[in-house]
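Written below as structure tokens is the structure these notes are about.
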Amino acid sequence: MQIRKRFAVVVVCGVLAGTGQADAANELSAREAAAIAMKNAGVAAEDIFNLKTEHDEENGIAVYAVEFETKYGDYDFCVARRNGRIIDADCEVREEWIRRQPAARDSENAVRLEVVRRVPGASSSQVLLRRQKDRWEGLLRHDGFKYEFEADRRTGIISDWNAEMRR
């Protein structure tokens, strides 16, 4: 099982359209942006500390830079203020925490399912995985984004996740 824990959030999502600034009345709130990032990371609000959400710009798009920590990892997201689309993400889960987690029956499938959960519209057949000693190294190109990640072969937990918008 991934880090995911169940919690209720109201999420506003949409398709990225244009790169201009949205007027303030139509923008997401910082709280909504944080909820989107937490849901994507699969992290419950009660597990988070040092949450920071700031106005920023990424590739000419007005975003909220959302950063937070948990006892098991650090997370950084850029969430488009106009529509809530994640346009950049960098997450690292601590190895010592992963080692304490139970083994997955089929870690390859667990990784594929977690990637598809994080990337709306992607299919598990698009996920490229390669065994590298005790890790899965993975790549997914989907909808103008490049996703690179590493996962533990024993548990299927993604330990390093990077998503970047490609133009």
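The values are calculated or read from the model by the stated rules, or taken from the named source; none is laboratory data. Source: prediction; values computed, not measured. Cβ: placed from backbone, ideal geometry, glycine included. Neighbour counts: every protein chain shown.
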statement: Conditions (1) buried (at least 16 other Cβ atoms within 10 Å of the Cβ); (2) under 11 Å from the mean Cα position of the chain (by Cα); (3) in a strand (DSSP E or B) -> Phe68 fails only (2)
task: Go over the candidates Ile48, Ile36 one by one and state the one that is β-branched (Val, Ile, Thr), within 12 Å of Arg85 (Cβ to Cβ) and either exposed (fewer than 13 other Cβ atoms within 10 Å of the Cβ) or at pLDDT 95 or above (or both).
output: Ile36
task: Taking only region 146-167 into account, find how many residues are in a strand (DSSP E or B), in contact (Cβ under 8 Å) with a residue 40 or more places away in the chain and farther than 20 Å from Pro102 by Cβ.
output: 6
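I need the full set of residues from region 71-99 which are within 27 Å of Arg153 (Cα to Cα) and over 13 Å from the mean Cα position of the chain (by Cα), in order please.
Lys71, Tyr72, Arg94, Glu95, Glu96, Trp97, Ile98, Arg99
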- line: Flagged in region 64-86 as of a type in the set (Val, Ile, Thr) and under 19 Å from Glu164 (Cβ atoms), in numbering order, are Val66, Val79, Ile86
query: If a residue has to be more than 20 Å from Arg85 (Cβ to Cβ) and surrounded by 19 or more Cβ atoms within 10 Å (Cβ to Cβ) to count, how many in region 130-141 make the cut?
result: 2
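For (1) within 19 Å of Leu140 (Cα to Cα); (2) surrounded by 23 or more Cβ atoms within 10 Å (Cβ to Cβ); (3) modelled with pLDDT under 95, each residue gets a yes or a no:
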| residue | (1), (2), (3) |
| --- | --- |
| Val79 | no, yes, no |
| Ile86 | yes, yes, no |
| Ala89 | yes, no, no |
| Val93 | no, yes, no |
| Glu96 | no, no, no |
| Gln101 | no, no, no |
| Val111 | yes, yes, no |
- prompt: Which of the residues belonging to region 58-71 are farther than 15 Å from Asn40 by Cβ and either hydrophobic (A, V, I, L, M, F, W, C) or modelled with pLDDT under 95 (or both)?
  reply: Glu58, Asn59, Gly60, Ile61, Ala62
- request: Output the residue which, of all residues in region 146-167 that are in contact with a strand residue (DSSP E or B) (Cβ under 9 Å, 6 or more places away or on another chain) and at pLDDT below 95, is surrounded by the most Cβ atoms within 10 Å (Cβ to Cβ).
  value: Met165
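Okay, residues lined up against (1) over 18 Å from Ala80 (Cβ atoms); (2) under 12 Å from the mean Cα position of the chain (by Cα):
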site	(1), (2)
Glu114	yes, yes
Val119	no, yes
Asp143	no, no
Lys146	no, no
Glu150	yes, no
Arg154	yes, no
Ile157	yes, no
Asp160	yes, yes
